[in-house]
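So the structure is just underneath, and the comments pick up after that.
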Amino acid sequence: MKFTKNWQENLMRIWRLAYHEKEKAEVGDQWQEKVMHHVRGIRHVISKKSFFEQFGDLLWRLAPVACALILILGICILKFHMIPDYEMAKLVANDPMDYRLLQSLLI
């Protein structure tokens with residue numbers, strides 16, 4: 001893209017004019033209200049997400065909590081020996097008659 005000398009002069013003239021007119025520009029008392037109204041309008045455009053995008057955001061927010069709960073439950077199960085297979089094996093090894101009684105009650 002070539003820039004001609006005429007185009008550069010026009011651009012410089014426009015910049016000079018804008019620079020000199022900045023002192024004449026007046027800001028009214030309502031400028032903050034107008035800006036905030038515009039910002040509030042932008043928020044609604046940004047927040048329109050599809051269901052799957054909202055679900056993904058929620059999923060990633062809850063992922064650390066789920067991992068922490070899994071870790072805590074895993075530690076509790078190992079700490080208090082609440083593993084059913086282990087309990088059944090311990091029951092068979094310690095007293096086979098109690099295991100047969102338990103088996104007859106479950107069937």
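The values are calculated or read from the model by the stated rules, or taken from the named source; none is laboratory data. Since this is a predicted model, take the numbers as computed values, not measurements. Ideal geometry is used to build each Cβ from the backbone, glycine not excepted, and the neighbour counts take in all protein chains shown.
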Could we say that Lys24 is in a loop (DSSP other than H, G, I, E, B), modelled with pLDDT of 70 or more, among the basic types (Lys, Arg) and more than 44 Å from the chain's Cα centre (by Cα) here? yes
For Gln103, indicate whether it is at pLDDT 75 or above, of a type in the set (S, T, N, Q) and out of contact with any Phe, Trp or Tyr (no Cβ under 6 Å at 6 or more places or on another chain). no
